[in-house]
Amino acid sequence: MLLDLSRLFGKPKSSKDVAKERLKLVLIHDRANVSPQFLEMVKGEIIKVISHYMEIDEGELDIRLTRTKSEEGDRVVPALVANIPIKNVKNSGR
């Protein structure tokens, strides 16, 4: 089961946009051999770790698996891309 945080915190999407996004995720997960449940676990861990150091805007959080060219440029490889808006940095050890 995919957890769609935009339903809880963001503006509603049309059913066409939701279906298109889900299809993209299914294709990317299939090609990367990663289940949607695994990606959700990774998202949860990333949020947990970053939250120790920063206050983040979970409603605008965007973590996704995508595809990008390798450094050599000869093949396409999976990439984890995160856009995590930071509201405030917690005690930074100063």
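The values are calculated or read from the model by the stated rules, or taken from the named source; none is laboratory data. Quick caveat: nothing in here was measured; it's all calculated off a predicted structure. Note that we place each Cβ from the backbone using ideal geometry, even for glycine, and neighbour counts take in every protein chain shown.
Scan the range 28-37 and give yes if some residue there is at pLDDT 80 or above and out of contact with any Gly (no Cβ under 7 Å at 6 or more places or on another chain), otherwise no. Checked the range 28-37: at least one residue is at pLDDT 80 or above and out of contact with any Gly (no Cβ under 7 Å at 6 or more places or on another chain).
Has the range 15-27 got any residue that is out of contact with any Lys or Arg (no Cβ under 8 Å at 6 or more places or on another chain), loosely packed, with under 11 Cβ neighbours inside 10 Å and modelled with pLDDT of 80 or more? Yes: one or more hits.
Exactly one residue out of I84, I63, I56 is farther than 22 Å from V34 by Cβ and surrounded by 11 or more Cβ atoms within 10 Å (Cβ to Cβ): that is I56.
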